[in-house]
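K.L.:
Take this structure, written in structure tokens, and hold onto it; I'll ask about it next.
The values are calculated or read from the model by the stated rules, or taken from the named source; none is laboratory data. These numbers were taken from a predicted model, which means no experiment stands behind them. Ideal geometry is used to build each Cβ from the backbone, glycine not excepted, and the neighbour counts take in all protein chains shown. Ligands, DNA and RNA are excluded from the accessible area calculation, which covers all protein heavy atoms including side chains. Shrake-Rupley method; radii C 1.70, N 1.55, O 1.52, S 1.80 Å.
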Amino acid sequence: MGDGNQVRVRGFRDCFAGEIRGLDLSRTLSPAILKTVREAWAEFPVLCFPDQPLDVDALESFTAQIGPFGNDPFIEPMQGHPNVLEVRRGPDEKGIVFGAAWHSDWSFQECPPSATLLQAKIVPPIGGDTLFADCRRAWKSLPDDLKRIALRCHAIHSAKFAYGTSGTLAKDQNPREMKILTSEKAHQTRLHPMVRTHPVTGLNALFVNPVYTTGVDGMSKENGRAFLDQIYEHIVQDEYLYRHNWREDMLLMWDNRCVIHNAEGGYEGHARLMYRTTVAGEKPVDPTVDEEPIQFQSGRNHGA
Ligand code: SIN
């Protein structure tokens, strides 16, 4: 296995997730292979790299090949590795599972991360799946009346419900292995278009999520809530979902610009440990209304 001639990209059946095999991510990738990875990721915004037993340095190095590190607030990073978070839960923890609600990572930032990379280190024998929803397909199929409103609107994003001084994580006094740094800073708000155009694929996607989207600019609290609830109900329909079942040493890279995710839990009595990095993204841009899907072919092999 290497940065060589047997790189295989495969889409999971009728899905926005896929996998890429035949790579050794502990080595620096050639420009040609990196291009293959980027193309695969544009086609499959949830992209799995099975069997990648990377140490922390190698995970950082692969992340840096995708792009500059993002800024990860509110969680104490791994000691000596300021760009790596340990998503860690002990077998006896009783508190809220980290990431256990639909969200797009750090969507309250001015430039939210494009990619999140999560590598499985300890996988519980049951539960612990991560669910993903495809916000591009959800956008395409949104009823026209909702589309018209969403196209005109900007949503308000904030970390306050999760990381604010009286947010869910501040209220949860259960001991946990992760050090969460709740803060006044989480109360800041930011506006983003409700629909954003992807800078690489040109595809539009809904860009709202129940954890960090706190309202709709220009709508009353009640109307904004009601509108957002209709959108969320639409996004998380079964047909737009992918359930990721982890194996040790799997690395997953997802695109926060067009998918939302939810860590499921369900592994009481077992430990789970993942290493997480993010890649800096760009400021979400207002949508282009006409779009053509990009044409990549899945299930192909690539030479170096
Ligand atoms: C996250 O939201 O980044 C965590 C996802 C997971 O632990 O599965």
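K.L.:
What tally of residues in segment 210-234 results from selecting those that are away from the ligand (no atom under 16 Å from the Cβ) and either under 29 Å from residue 62 (Cα atoms) or among the aliphatic types (A, V, I, L, M) (or both)?
P.N.:
The total comes to 5.
K.L.:
Here's something else I'd like to know. Take residue 28 and tell me if it is touching a residue at least 12 places away in the same chain (Cβ under 8 Å) and open to solvent by 30 Å² or more (accessible area, probe 1.4 Å).
P.N.:
yes
K.L.:
Further question on the same structure: Output the number of the condition that residue 113 fails; it satisfies all remaining conditions of (1) open to solvent by less than 60 Å² (accessible area, probe 1.4 Å); (2) of a type outside the set (Val, Ile, Thr); (3) out of contact with any strand residue (DSSP E or B) (no Cβ under 7 Å at 6 or more places or on another chain).
P.N.:
Condition (3) is where residue 113 drops out.
K.L.:
Name the residues in segment 213-249 that are part of a loop (DSSP other than H, G, I, E, B) and either basic (Lys, Arg) or in contact with a helix residue (DSSP H, G or I) (Cβ under 7 Å, 6 or more places away or on another chain) (or both), would you?
P.N.:
Residues satisfying the conditions are 219, 247.
K.L.:
Sticking with this structure for a sec: Restricted to segment 169-201, and to residues that are part of a helix (DSSP H, G or I) and open to solvent by 80 Å² or more (accessible area, probe 1.4 Å), which residue is farthest from residue 256 (Cα to Cα)?
P.N.:
So the residue we want is 171.
K.L.:
Return yes or no: is residue 269 part of a loop (DSSP other than H, G, I, E, B) and under 19 Å from the mean Cα position of the chain (by Cα)?
P.N.:
No, not satisfied.
K.L.:
Another question, if that's okay. Return the pair list, or none, for Cβ contacts closer than 7 Å from residues in segment 232-246 that are touching a residue at least 12 places away in the same chain (Cβ under 8 Å) to residues that are in a helix (DSSP H, G or I) and open to solvent by less than 30 Å² (accessible area, probe 1.4 Å), at least 6 apart or on different chains.
P.N.:
Matching pairs, first to second residue: 234/138; 235/135; 235/138; 240/138.
K.L.:
A further question follows. Looking at 256, 262, which is the one that is within 11 Å of the ligand (Cβ to nearest atom) and open to solvent by 10 Å² or more (accessible area, probe 1.4 Å)?
P.N.:
262
K.L.:
Further, regarding this structure: Let me spell it out: the conditions are (1) at pLDDT 95 or above; (2) more than 22 Å from residue 229 (Cβ to Cβ), and residue 173 meets all of them except one. Which number is the exception?
P.N.:
(1) is the only condition that residue 173 fails.
K.L.:
Would you mind listing the helices (runs of 4 or more DSSP H) fully within segment 70-163 where at least 2 residues are within 30 Å of residue 219 (Cα to Cα) and away from the ligand (no atom under 16 Å from the Cβ)?
P.N.:
Hits in segment 70-163: 135-140, 144-152.
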